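The structure appears right after this line, and notes come after that.
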Amino acid sequence: MHSRALPLLPIVLGLVLAGLLARRAEPIWMALPFLAYFGLGILQSPSAGKLRFHATRAVEKIDAGGGIVRIAACNRGGETVHLRLTDPLQPGMRLAEGQTQTLAALRAGEEARLEYTFHSGRGSFTWESVRAVASDPLGVVETELHLPAAARFQVQPELKKFRPFPIRPQRTLHTAGSIPARMGGRGTDFWGVREYHPGDPLRRLDWRRTARHPGQFYSKEFEQEEIAEIGLILDARQKTDLRAGENGLFEHSARAAASLAEMFLRQGNRVSLLIFGKEIEFLFPGYGKNQLHRILHALSKAVPVMNPDFDSLHFLPLHMFSSRSFIMILSPLAPGDWRLFPRLRAHGYPALLISPDPIDYARRALPDDRTTGLATRLAQIERRLQIGKITQLWIPVVEWQVDRPLDPLVRAAIRNSHIQQER
Amino acid sequence: MLRRKILKLVCPLACTACLAAGYAAAGIWTALPVVFLALSAWLLAALGRSGSFSWAALILSAGLAAGGLFASVSFPLMMLAATLALAGWDIVLFTNAPVPDPPDGSTRLLSERHYRSLITALGLGLPAALIGPSIRIQIPFGWMILLGIFALLSLEGVWRRLKG
């Protein structure tokens, strides 16, 4: 129990003491209205043991980044009480409409309602209870209660629909899909000609070659198309999350990861996700909408956090990905992170690095002067050296200035890597 | 809602008017700047700027009223000022409390119960305080000491109950 009127007591005590010290009755008489105020408050205060409330909470999604919270608290006790409901906004929420607290007098069986609309960026929000303060009509005696009213709400990262990328991993999974599997079979692209095997469909016979070799039959082969296993690695270390304004660089990486996952899953591939930040969060490979939902859930919860144990990408546990995985890493790169990539190569993973450009991102928040120019040049040199070490390993790197669309850059990087491989 | 808005201005204004009249009648002009300060605090509190303004206004007004008693300012005026300060403080805090807009049934009940309690408290306290000094009861010194101890213990009990 506590009270908003608690600080009135020093006034009462002050008046009584002043009267006693000055041996005058008037100050003591002056304390009388204050004492009457207290006394009436205490007399009318609801007894804590008889307070019974039941609260419910519903959170309704209104758009991509917001919701309406509706709370109802019903007085299940026998007394009439004054009830103040308070539901403070969680970090990352902005109040759009309504108010987060309300005051009502409730007779037995009546209900107080609180409703507000909030907006927020990507995030996962959980409520356990609602704060209720029951009091007498004057608010002299207040009893604080936490009424269970649990709810969860997620704002998932914004998705952009990418067209499928022409990736050509070394190894694929033996299930029909859309990724060229580097072997003959059923597909659309011509792969080669071989001797006819009993059971080959007649429409696959290479009639020209068969005509040139009497007594022998030849069949055309097409490149098998299968699904691939994609491993997405999202760098959620705080030191790589530059902040300029409301959003940080990590928000762009999270959105890119969500869009890539959606695109690969739409193609029927198997996708896994590893978030490298406070801890290692790994989502096992999976297919379809359920996997997309799991990935979006993990991404909406992901927050860049500092953890000295995971200071460098070098500590990434690669054994979590199967040997057939095509690894896509989303990281702005911190100094020394290039050491991961020789490990990737040594394990035989085909990989692609998408690196949101931290220098370009930070530059927008800095003044355009000589010092900034020099610092930017130095940082760019350092970054170029690091990226140079990665490209030497034949790992395509997408240097992404986050205000530009990502998918043409990835497409171009993959195409260039194919050309290099063919040479 | 309109009644609340009127009351939250009327009570503080009447309180400062009583203080100003009392001090002016006693010829203590030096107190008037402090009264003006209290009035400013009341106005800021009534505008809903911050909860601390209402506290400041109440403490200033109650302090001025108590000070007036020692400076031989009219007792009824100071008593009335202190009571109005308490009422003003209560109404300002109540008006700034978050209530549903437009008001529903529970809001009306809330206002009714609150005003009824406030009027009862002040209606009991003020007449008793005004009439009290004119009543002369001779009690032995020992009884007076006992009553003093009882009052202090009661206040301490109230404090403990409020602190929970």
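The values are calculated or read from the model by the stated rules, or taken from the named source; none is laboratory data. Computed from a predicted model, the values in this text were never measured in an experiment. Neighbour counts run over all protein chains shown; Cβ positions are idealised from the backbone, glycine included.
List of remarks:
- Residues in region A:256-273 that are within 15 Å of the chain's Cα centre (by Cα) and surrounded by fewer than 21 Cβ atoms within 10 Å (Cβ to Cβ): A:Ser259, A:Glu262.
- For first residues located in region B:107-131 and more than 15 Å from B:Ile91 (Cβ to Cβ), partners that are surrounded by fewer than 17 Cβ atoms within 10 Å (Cβ to Cβ) and lie 6+ apart or on another chain with Cβ distances below 7 Å form the pairs B:Leu130/B:Pro76.
- In region A:34-56, the residues that are more than 10 Å from every other protein chain (Cβ to nearest Cβ), loosely packed, with under 14 Cβ neighbours inside 10 Å and in contact (Cβ under 8 Å) with a residue 40 or more places away in the chain: A:His54
- Tallying residues that are buried (at least 17 other Cβ atoms within 10 Å of the Cβ) and under 17 Å from A:Arg57 (Cβ atoms) within region A:102-114 yields 4.
- Of everything in region A:324-356 that is touching a strand residue (DSSP E or B) at 6+ places or on another chain (Cβ under 9 Å) and farther than 21 Å from A:Glu399 by Cα, the residue that is modelled with the highest pLDDT is A:Ser325.
- For region A:72-94, a tally of residues being surrounded by 15 or more Cβ atoms within 10 Å (Cβ to Cβ) and under 26 Å from the mean Cα position of the chain (by Cα) returns 3.
- Residues that are touching a residue at least 24 places away in the same chain (Cβ under 8 Å) and more than 22 Å from A:Gln238 (Cβ to Cβ), drawn from region A:302-319: A:Leu318
- Boolean, A:Thr391 is polar (S, T, N, Q), without any contact (Cβ under 8 Å) to a residue 12 or more places away in the chain and closer than 22 Å to A:Pro342 by Cα: yes
- Test for A:Gly177: is it away from every other protein chain (no Cβ under 14 Å), farther than 30 Å from A:Val59 by Cβ, free of Cβ contacts under 8 Å to residues at least 40 places away in the same chain and in contact with a strand residue (DSSP E or B) (Cβ under 7 Å, 6 or more places away or on another chain): no
- Among residues of region A:361-382 being touching a residue at least 24 places away in the same chain (Cβ under 8 Å) and under 26 Å from A:Asn416 (Cβ atoms), the one that is surrounded by the fewest Cβ atoms within 10 Å (Cβ to Cβ) is A:Glu382.
- Any chance A:Ala64 is at pLDDT below 90, outside the structural domain of A:Val133 (by TED's automatic domain parsing) and over 17 Å from A:Glu142 (Cβ atoms): no
- Tabulated pairs, region B:12-36, first assigned to a helix (DSSP H, G or I), second surrounded by fewer than 23 Cβ atoms within 10 Å (Cβ to Cβ) and not hydrophobic (A, V, I, L, M, F, W, C), C-beta under 7 angstrom, 6+ apart or interchain: B:Gly22/B:Ser74; B:Ala25/B:Ser74
- Selection over region B:48-67 of residues that are more than 7 Å from chain A (Cβ to nearest Cβ) and over 15 Å from A:Ala31 (Cβ atoms) gives a count of 11.
- Hits in region A:153-202 - residues which are of a type in the set (Ser, Thr, Tyr), surrounded by 14 or more Cβ atoms within 10 Å (Cβ to Cβ) and over 30 Å from A:His347 (Cα atoms): A:Tyr196
- Residue under evaluation A:Leu385, criteria (1) loosely packed, with under 13 Cβ neighbours inside 10 Å; (2) in contact (Cβ under 8 Å) with a residue 40 or more places away in the chain, criterion not met: (2)
- Being of a type outside the set (Ser, Thr, Tyr), more than 11 Å from every other protein chain (Cβ to nearest Cβ) and touching a residue at least 40 places away in the same chain (Cβ under 8 Å) is not true of B:Leu84.
- Sole exception among (1) at pLDDT below 90; (2) closer than 17 Å to A:Gln101 by Cα; (3) β-branched (Val, Ile, Thr) for A:Ile71, by number: (1)
- Considering residues of region A:277-301 that are of a type in the set (A, V, I, L, M, F, W, C) and surrounded by fewer than 22 Cβ atoms within 10 Å (Cβ to Cβ) only, the residue farthest from A:Ala334 (Cα to Cα): A:Leu292
- Of all the numbered requirements in (1) out of contact with any strand residue (DSSP E or B) (no Cβ under 6 Å at 6 or more places or on another chain); (2) at pLDDT 85 or above, A:Asn307 misses one, and that requirement is (2).
Yes or no, residue by residue, for (1) surrounded by fewer than 18 Cβ atoms within 10 Å (Cβ to Cβ); (2) within 7 Å of chain B (Cβ to nearest Cβ); (3) within 20 Å of A:Ser129 (Cβ to Cβ); (4) not aliphatic (A, V, I, L, M):
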{"residue": "A:Pro7", "(1), (2), (3), (4)": "yes, yes, no, yes"}
{"residue": "A:Pro10", "(1), (2), (3), (4)": "yes, no, no, yes"}
{"residue": "A:Arg23", "(1), (2), (3), (4)": "yes, no, no, yes"}
{"residue": "A:Ile28", "(1), (2), (3), (4)": "no, no, no, no"}
{"residue": "A:Leu32", "(1), (2), (3), (4)": "no, yes, no, no"}
{"residue": "A:Ala58", "(1), (2), (3), (4)": "yes, no, yes, no"}
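To keep it simple, each residue is scored yes or no on (1) in contact (Cβ under 8 Å) with a residue 40 or more places away in the chain; (2) in the same structural domain as A:Val303 (by TED's automatic domain parsing); (3) in contact with a Lys or Arg (Cβ under 7 Å, 6 or more places away or on another chain); (4) among the aromatic types (Phe, Trp, Tyr).
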| site | (1), (2), (3), (4) |
| --- | --- |
| A:Leu103 | no, no, yes, no |
| A:Arg107 | no, no, no, no |
| A:Ser124 | yes, no, yes, no |
| A:Glu128 | no, no, no, no |
| A:Val140 | yes, no, no, no |
| A:Thr143 | yes, no, no, no |
